[in-house]
1. Can you tell me which of (1) exposed (fewer than 10 other Cβ atoms within 10 Å of the Cβ); (2) under 14 Å from the mean Cα position of the chain (by Cα) is the one Asp48 doesn't meet?
2. Within the bounds of the stretch 3-19, is there any residue that is β-branched (Val, Ile, Thr) and exposed (fewer than 10 other Cβ atoms within 10 Å of the Cβ)?
3. Please find, within the stretch 1-20, the residue that is modelled with the lowest pLDDT out of those that are under 26 Å from the mean Cα position of the chain (by Cα) and of a type in the set (A, V, I, L, M, F, W, C).
4. Only one of Ala36, Ala23 is surrounded by 10 or more Cβ atoms within 10 Å (Cβ to Cβ) and modelled with pLDDT of 90 or more; which?
Amino acid sequence: MAGIWRDFVAAVFTALRRRDERAIAEERRRAIERLADETIRESRRATDPPE
């Protein structure tokens with residue numbers, strides 16, 4: 001009986017950890033997109049002639 005509970009608790013922790021990993025991966029992806037957008041804007045600003 002203890003083995004069943006151990007497996008259940010392990011499954012719950014694994015599920016929670018995967019959810020956290022997905023959230024962290026999503027936040028990293030958004031941060032990289034923001035950095036890329038900012039880098040592109042700065043690059044365009046540097047190469048665009050002044051008006």
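The values are calculated or read from the model by the stated rules, or taken from the named source; none is laboratory data. Please read these numbers as outputs of a predicted model, since none were measured by experiment. Positions of Cβ are generated from backbone atoms using ideal geometry, with glycine treated the same way; all protein chains shown enter the neighbour counts.
1. (2)
2. Yes: the stretch 3-19 contains one or more residues that are β-branched (Val, Ile, Thr) and exposed (fewer than 10 other Cβ atoms within 10 Å of the Cβ).
3. Going through the qualifying residues, I end up with Leu16.
4. Ala36
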